[in-house]
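Trainee: Before I ask anything, let me first share the structure, which is written out below as structure tokens.
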Amino acid sequence: MTPNETHRSLARTLLLLGRLALAAIFLLAAYAKLKPQAAVPWTAASIKTSLSLFAMQVDSYQLLPPQLVSPVAHLLPPFELFLGLWLLSGVFLPYSALVTTLLIAAFFATQVRTYRAGLEINCGCFGPGERLGPKTLLHDGAFLALALAVTIVAFVLARKRRAGSAPIGQVSTAQRAG
């Protein structure tokens, strides 16, 4: 195996691990927001109650007008679930990674703004009970760095893959360079 192939194999392995870690983060976040808050069975009513509790956490950020709090709180966990499954699948990875990075960046910016404003609230990231503070900012900053790295590597590898698969009879840029 050439050094270039070794680097590409390592990049693919790290990309897989990063993608799986991000998928797990989003699946866990969605689960924590959707799960029943007490020892009650999973029902439409218990999920609705959980989402209503999450709406209170969304509202505590004092960012959205009151009429948008409930729709955002009810749409965000299913979108996180979708995004986690999309990352897990690996389908159109550069784009799922980009959406992930943008969403985490929005979350992180909101948290920084709220922390700087001095609001003492629950983060809401992984369900109730997690206080917004330096620890939350640190782990969400790390999530953002991971998402950014996964996005960059996914786009670079996708571009290299496209460059290396020129139609028959054409010389790819990878063949010209190598």
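Trainee: Only one of (1) assigned to a helix (DSSP H, G or I); (2) surrounded by fewer than 19 Cβ atoms within 10 Å (Cβ to Cβ); (3) of a type in the set (A, V, I, L, M) is not met by residue 87, so which one is it?
Mentor: Condition (2) is where residue 87 drops out.
Trainee: Of all residues in the range 26-54 being in contact with a helix residue (DSSP H, G or I) (Cβ under 6 Å, 6 or more places away or on another chain) and among the aliphatic types (A, V, I, L, M), which is modelled with the lowest pLDDT?
Mentor: 40
Trainee: Quick test for you: out of 74, 7, pick the one residue that is out of contact with any Cys (no Cβ under 6 Å at 6 or more places or on another chain), in a helix (DSSP H, G or I), within 26 Å of residue 155 (Cβ to Cβ) and not hydrophobic (A, V, I, L, M, F, W, C).
Mentor: 7
Trainee: Would you check if there is a residue in the range 143-154 being hydroxyl-bearing (Ser, Thr, Tyr) and in contact with a Pro (Cβ under 8 Å, 6 or more places away or on another chain)?
Mentor: Looking for residues that are hydroxyl-bearing (Ser, Thr, Tyr) and in contact with a Pro (Cβ under 8 Å, 6 or more places away or on another chain), one finds at least one in the range 143-154, hence yes.
Trainee: Being loosely packed, with under 14 Cβ neighbours inside 10 Å and within 15 Å of the chain's Cα centre (by Cα) is the filter here, so list the residues in the range 21-56 that pass it.
Mentor: Result: 24, single match.
Trainee: Would you say residue 49 is out of contact with any strand residue (DSSP E or B) (no Cβ under 7 Å at 6 or more places or on another chain), part of a helix (DSSP H, G or I) and over 29 Å from residue 20 (Cβ atoms)?
Mentor: Yes.
Trainee: Among all residue pairs at least 6 apart or on different chains, which show Cβ distances below 8 Å where the first residue, located in the range 1-17, is more than 13 Å from residue 160 (Cβ to Cβ) and the second is part of a helix (DSSP H, G or I) and not small (Gly, Ala, Ser)?
Mentor: Once the first residue is more than 13 Å from residue 160 (Cβ to Cβ) and sits in the range 1-17, its partners that are part of a helix (DSSP H, G or I) and not small (Gly, Ala, Ser) give 14/153.
The values are calculated or read from the model by the stated rules, or taken from the named source; none is laboratory data. What you see is a predicted model, and the numbers here were worked out from it, not measured in a lab. Reconstructed Cβ throughout: ideal geometry from the backbone, glycine too, with neighbour counts over all protein chains shown.
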